[in-house]
Amino acid sequence: MTAIDLRRAPLADIRALDLRSLERDLRADEAAMWDRFRACWAGLDDAAWRLPGAAPSDAGGPDWSLADHVAHVAAWQELSVEYVAAALQSGRWPSDDEFDGGDFDAYNERLRDAWLAIPPAEARARLGASHDRLLALSNRFSDAEIRRDDAWGWVYMSLHGHQLDHLGILEPWADRLRERQVEGDPFGSDPALGSGDAGADRRAFWADEARTFDELMALANAVPAARWEASEVTPGWTLRDHIGHLASWYEEGARAIDAHRRDGGWPGGPSEGIDSWNAREVERSRSLPVAEIRTRLEAGRGRLHELADRLAEPDFRSPEGWGWTYENLTGHVRSHVAMVAPWCVRASWPPPLDAPVPSGAVADLR
């Protein structure tokens with residue numbers, strides 16, 4: 001029989017498995033589903049988390065968002081931590097009647113209301129913390145004990161069983177959101193509009209720019225340098241190509257602002273066309289070592305940051321100026337974050353189960 005790779009297999013194939021079988025390595029299964037669950041939202045702005053439309057509410061409320069789904073899983077993990085800890089002490093497990101008389105749709109909607117004001121970053125932190133606590137508690141059960149009806153319903157169903165249920169909704173929804181982010185959808189009001197408070201708008205601009213750049217670098221820096229050019233991230237482009245491309249546009253943006261300060265006008269885009277210019281610049285970057293690409297990126301961003309911040313607000317937010325400031329520093333970067341994030345996250349996963357095993361190596365069949 002062909003082994004099923006839980007991190008990559010179609011969800012229907014995973015649901016067809018008997019994950020409760022004693023022949024399964026429950027903790028390896030859980031680790032795989034945990035990796036997959038966290039990867040599904042990689043690269044998405046927090047603004048995308050709030051958008052309704054992921055799924056209708058089973059209780060007749062407003063449509064659920066990505067944030068609602070992740071908070072729901074986190075909330076049940078936190079409840080499970082309490083009940084599993086109590087069961088380890090007393091042997092008692094809760095009954096369905098304790099949850100709105102067994103009306104889980106209504107109970108889940110109340111849980112959802114309690115999490116609505118929680119920022120996505122906090123929800124992610126609580127998801128991780130409760131996951132770790134619940135996993136540690138589950139390790140106190142033997143393999144046979146954890147498969148009893150009562151323990152299974154609270155341990156498996158609150159860990160990878162629950163994740164498996166929600167991935168069927170979240171993976172396609174996150175993919176659609178990611179496509180929108182690549183195309184520049186801000187998932188809200190046009191960022192060029194601002195609030196009318198020039199100082200507050202400028203501070204918010206740079207805070208958003210720094211957050212977006214930091215996310216890009218956290219993703220890229222988690223990938224060993226040798227893998228930056230080893231395989232395609234998007235068709236025809238490696239991670240090095242994406243980072244070198246951003247560095248080239250930082251440099252181009254700095255030249256545009258320099259020209260504006262010198263001549264008063266704003267240069268247009270490349271005369272040869274953007275696609276041809278991009279292809280030429282990426283090809284040029286391919287001759288450079290990864291360390292030099294990083295240096296170019298940091299230097300180009302620093303120079304563009306310095307020049308952009310010297311612009312008066314009318315120039316900064318003029319249609320032409322915005323194209324060289326926001327579009328280069330934030331809009332462009334958040335698009336590439338959405339492109340590269342899934343690949344960067346999956347780069348740390350064990351190799352696929354059907355990957356060739358190097359001579360002398362032992363396959364990790366989990």
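What follows is calculated from the coordinates using simple rules that are stated; it is not laboratory data. Because the structure is predicted, anything quoted here is derived from the model rather than measured. Ideal geometry is used to build each Cβ from the backbone, glycine not excepted, and the neighbour counts take in all protein chains shown.
Using 0.36 nm per residue and subtracting the Cα-Cα separation, the extra length available between ARG140 and ALA192 on full extension is 13.3 nm. Distance between the pseudo-spin-label points of ALA86 and GLU23 (7 Å out from Cα toward the beta carbon): 3.8 nm. In this structure, ARG310 and TRP277 have a Cβ-Cβ separation that, at R0 = 25 Å, corresponds to a calculated FRET efficiency of about 0.45.
Residues whose amide H lies under 5 Å from that of ALA55, counting only those 5 or more places away or on a different chain, are TRP64; hydrogens are built 1.01 Å from N in the peptide plane.
The relative contact order of region 1-152, computed from alpha carbon pairs under 8 Å that lie at least 6 residues apart in sequence, is 22 percent.
Per residue of the chain, the DSSP helices (runs of n ≥ 4 H) give a summed -39500 (n - 2.57) that works out to -19000 deg cm²/dmol at 222 nm. Note on GLU281, GLU122: ascending count of other Cβ atoms within 10 Å places them as GLU122, GLU281, the fewest first. In terms of surrounding Cβ atoms within a 10 Å radius of their Cβ, ILE274, ILE257, ILE169, ILE146 rank from fewest to most as ILE274, ILE169, ILE146, ILE257. Applying 0.36 nm per residue to the separation of MET157 and GLU292 and subtracting their alpha-carbon distance, the gain on full extension is 43.8 nm. How would you classify region 23-96 from its alpha-carbon gyration tensor, with a ≥ b ≥ c the square roots of the eigenvalues: rounded for a/c under 1.5, else prolate if a/b is greater than b/c, otherwise oblate? Taking the square roots of the gyration eigenvalues as a ≥ b ≥ c, region 23-96 is oblate.
Using a ≥ b ≥ c from the Cα gyration tensor of region 155-291 (square roots of the eigenvalues), is it rounded, prolate or oblate, where a/c under 1.5 gives rounded and otherwise the larger of a/b and b/c decides, a/b for prolate? Here region 155-291 falls in the oblate category.
Considering only GLU320, GLU272, GLU251, the mean-square fluctuation computed in a Gaussian network model of the chain, springs between alpha carbons under 10 angstrom, is largest for GLU272.
Shape of region 247-314 from its Cα gyration tensor (a ≥ b ≥ c, root eigenvalues): rounded if a/c is under 1.5, otherwise prolate when a/b > b/c, or oblate? It comes out oblate by the Cα gyration axes.
A Gaussian network model of the chain, with springs between Cα atoms under 10 Å, assigns the largest mean-square fluctuation among ALA226, ALA32, ALA54 to ALA226.
For region 196-207, putting each phi into the Karplus relation 6.51 cos²θ - 1.76 cosθ + 1.60 with θ = phi - 60° gives couplings of x, 9, 4, x, 5, 5, 5, 5, 5, 4, 6, 5 Hz, in residue order, rounded to whole numbers and with x for Gly and Pro.
Relative to the current alpha-carbon distance between ASP149 and ALA125, full extension at 0.36 nm per residue lengthens the span by 5.7 nm. Please report the spacing between the Cα centers of region 84-133 and region 185-234 in Å, no decimals. Here the two parts' Cα centres lie 33 Å apart.
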